[in-house]
Number of protein chains: 2
Amino acid sequence: MTRKHNFSAGPAALPLEVLEQAQSEMLDWQGRGLSVMEMSHRDKAFVEVAETAEQDLRDLLSIPANYKVLFLQGGATSQFGMVPMNLLRGRSSADYINTGVWSRKAIQEAARYASIAQAGSTEAQGYTRVPTQAELTLNPEAAYVHYTTNETIGGVEFDYIPDTGSVPLVADMSSDILARPIDVSRYGLIYAGAQKNIGPAGLTVVIVRDDLLGNTLAGTPTMFDYKVHADADSMNNTPPTFAWYMTGLVFKWLKAQGGVEAMAVRNQRKAEKLYAAIDASDFFANPIDPVNRSLMNVPFTLADSALDGRFLQEAQASGLLNLKGHRSVGGMRASIYNAVPEESVDALIAFMREFERTAG
Amino acid sequence: MTRKHNFSAGPAALPLEVLEQAQSEMLDWQGRGLSVMEMSHRDKAFVEVAETAEQDLRDLLSIPANYKVLFLQGGATSQFGMVPMNLLRGRSSADYINTGVWSRKAIQEAARYASIAQAGSTEAQGYTRVPTQAELTLNPEAAYVHYTTNETIGGVEFDYIPDTGSVPLVADMSSDILARPIDVSRYGLIYAGAQKNIGPAGLTVVIVRDDLLGNTLAGTPTMFDYKVHADADSMNNTPPTFAWYMTGLVFKWLKAQGGVEAMAVRNQRKAEKLYAAIDASDFFANPIDPVNRSLMNVPFTLADSALDGRFLQEAQASGLLNLKGHRSVGGMRASIYNAVPEESVDALIAFMREFERTAG
């Protein structure tokens, strides 16, 4: 067995130690004679798995006590609908910041339920940066302000938390949650699909201030009501137990690494060296304003796009997987989430230099 | 490692061979140097996993070409809302057959969107049987007729497919799909949470006749629109890839066992011997009308409920797990899904006889 360097944007690399533990106890979890995936979610032992995962996430992000942590299904795409259905609370409009593909998807779904204003947009700049605080036009009557902390496809990330006064701030953190410490108290609601920086696909984490719950739009399906899930400790119905368990292992791994503070240092180092390699060469380019370059998703282009196919082929032959850019932007993209080791980034940089030398 | 006998109602036992395969390739799937859980759902290799799983399910159940097969999230509880939101198609009422806890939950959610009539109910009989065809009162103007083929908690199962004329028939088959052959062409829509007879929790299979798609209720979230998922081959957003892969392994396993025809023979034999053991004793009892006894979930009581705790404790000590009945009905319940081997049923029967001899 040879593990390769995996730069997938999601579902993405998982920590090797986590996969090894899951493997070792797959047929017989904790000596109980069955897999954790064969147990009822109501089993006391599984409830402990679930509660421990929640507590570990609370510890990692210092989540205040007045926030509920939910483990749901449906991905960020379900959240695009759940957020307006739950957070409009009798208001008719919400503000959205538009910084790329995922922001636009969130806007599109929310617009089915409310009047949506773009509080800021960098579409005219080709999404190469995010709007500054001074560029935001915020409506004090808005039900909430929504933004995408990191655009997985564009590779553009907020370098600040928007100040929205008393209007609740909602963030899609699917691709950069747990990459660094965050001040949860600045947010009304945070959501993240698990499959980038948390665990396997099929789980969505929601962190929501409890005073925002309990006032859904008429016609909201029960499964789209945060309060139903909060009241049932995310067990209103059968949760994705294996994904929840895996997520718990990732949280334990993060703690063992030194928590999100240590991950931030490592992530910074990984990203800086990769951007530096790109900037040092005329052969590679990244178009994003340096202050908004993503810590997690690094898109780059080759000076001659005719070489893209060869680059990907030789990268794969060198054990560097999943570097193809998203079909909507082309070029390359290296996703370097928490679970991608620094050695993978080093291997990529070495390959890029060698490729430029031989093909450039 | 000692694998025990697992009678969990769900999440439930998985075939040992499936767990072993998942374990063996957990760090390195097909020699690619990464786990199947770490791959993009858009990766050609994963798309093949997904398509193969669908084709195998089509083969197993002989699903006609004019039916879509969807792999979704959210469990049967999401389907309780999705069914009316998609299938009302401008009509104002639907018929539901009430045979127990899960039927009632489906009715409760549907009643938020339409006028729901109980086309039949055995509530007055304590749900010890299902209504006969002659007892059904069907409204020819109903948008659809919904029923629960097998009540997981009550252990009561339909012994016939209701004839609803031209009104589409919708079935919650969460706990008995793939237990025997079914005539899919009799149905408008079939749904099943995976965690009983299909795979791990977090995946829901929907089989739907294609002419029923595309006419959702106003305000239906995009993720609740069957047509969106059908048009995107269930990849409108990131699907639960690992659960989908595991489900594919279960389908391959079912084919290797001889398909649902062979499973039906084995399931019949397992259930018959367990019910025979219950009926042969005055110490154990099952209240369900023999024609409607569930093939999958066998609830039984002890003549002296004061012995329940001891029964469960000694069963566990003998390697027989998860026999406690649902909290709403008490007593015991043995769920004997496809993946529960006949030897587990034999071990349970032997234990029951011994317990009666020593404690009865």
Cβ-Cβ distance below 8 Å, separation of 6 or more or different chains: which pairs start in segment A:112-135 with a residue that is assigned by TED's automatic domain parsing to the domain that holds residue A:81 and within 19 Å of residue A:94 (Cα to Cα) and end on one that is aliphatic (A, V, I, L, M) and in a helix (DSSP H, G or I)? A:113/A:85; A:116/A:107; A:116/A:110; A:118/A:107
Of (1) touching a residue at least 40 places away in the same chain (Cβ under 8 Å); (2) within 15 Å of the chain's Cα centre (by Cα); (3) on the phi < 0 side of the Ramachandran plot, residue B:185 fails just (2)
Can you pull out every residue in segment A:284-295 that is more than 18 Å from residue A:347 (Cβ to Cβ) and not acidic (Asp, Glu)? A:285, A:286, A:287, A:288, A:290, A:291, A:292, A:293, A:294, A:295
Those residues that are more than 25 Å from the chain's Cα centre (by Cα) and buried (at least 22 other Cβ atoms within 10 Å of the Cβ), I need them from segment B:318-336; list them, please. none
Inside segment A:278-311, can you point out the residues that are within 25 Å of the chain's Cα centre (by Cα) and not in a loop (DSSP other than H, G, I, E, B)? A:278, A:285, A:290, A:291, A:292, A:293, A:297, A:298, A:299, A:300, A:301
For segment A:120-224, please list each of the strands (runs of 3 or more DSSP E) lying entirely inside it that holds at least 1 residues being basic (Lys, Arg). A:204-209
Given the options A:99, A:52, name the one that is of a type in the set (S, T, N, Q) and within 30 Å of residue B:337 (Cβ to Cβ). A:52
Looking only at residues in segment B:36-66 that are within 9 Å of chain A (Cβ to nearest Cβ) and either free of Cβ contacts under 8 Å to residues at least 24 places away in the same chain or closer than 29 Å to residue B:183 by Cβ (or both), which one is surrounded by the most Cβ atoms within 10 Å (Cβ to Cβ)? B:38
Whether any residue in segment A:214-222 is more than 9 Å from chain B (Cβ to nearest Cβ), modelled with pLDDT of 95 or more and surrounded by 24 or more Cβ atoms within 10 Å (Cβ to Cβ) is what I want to check. no
Output for segment B:313-333, where each listed residue is outside any loop (DSSP other than H, G, I, E, B) and of a type outside the set (D, E, K, R): B:313, B:315, B:316, B:317, B:320, B:321, B:332
Of the residues that sit in segment A:71-112 and are more than 14 Å from chain B (Cβ to nearest Cβ) and in a strand (DSSP E or B), which one is farthest from residue A:137 (Cα to Cα)? A:93
Search result, residues across segment A:297-312 that are buried (at least 16 other Cβ atoms within 10 Å of the Cβ) and in contact (Cβ under 8 Å) with a residue 24 or more places away in the chain: A:297, A:298, A:299, A:300, A:301, A:302, A:307, A:308, A:311
Can you find a residue that is assigned to a loop (DSSP other than H, G, I, E, B), of a type outside the set (S, T, N, Q) and either surrounded by 17 or more Cβ atoms within 10 Å (Cβ to Cβ) or away from every other protein chain (no Cβ under 14 Å) (or both) anywhere in segment A:238-257? yes
What residue, of A:347, A:315, A:264, A:339, is closer than 28 Å to residue A:55 by Cβ, within 14 Å of chain B (Cβ to nearest Cβ) and surrounded by 16 or more Cβ atoms within 10 Å (Cβ to Cβ)? A:339
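The values are calculated or read from the model by the stated rules, or taken from the named source; none is laboratory data. From a predicted model like this one, the values you see are computed outputs, not experimental measurements. Neighbour counts run over all protein chains shown; Cβ positions are idealised from the backbone, glycine included.
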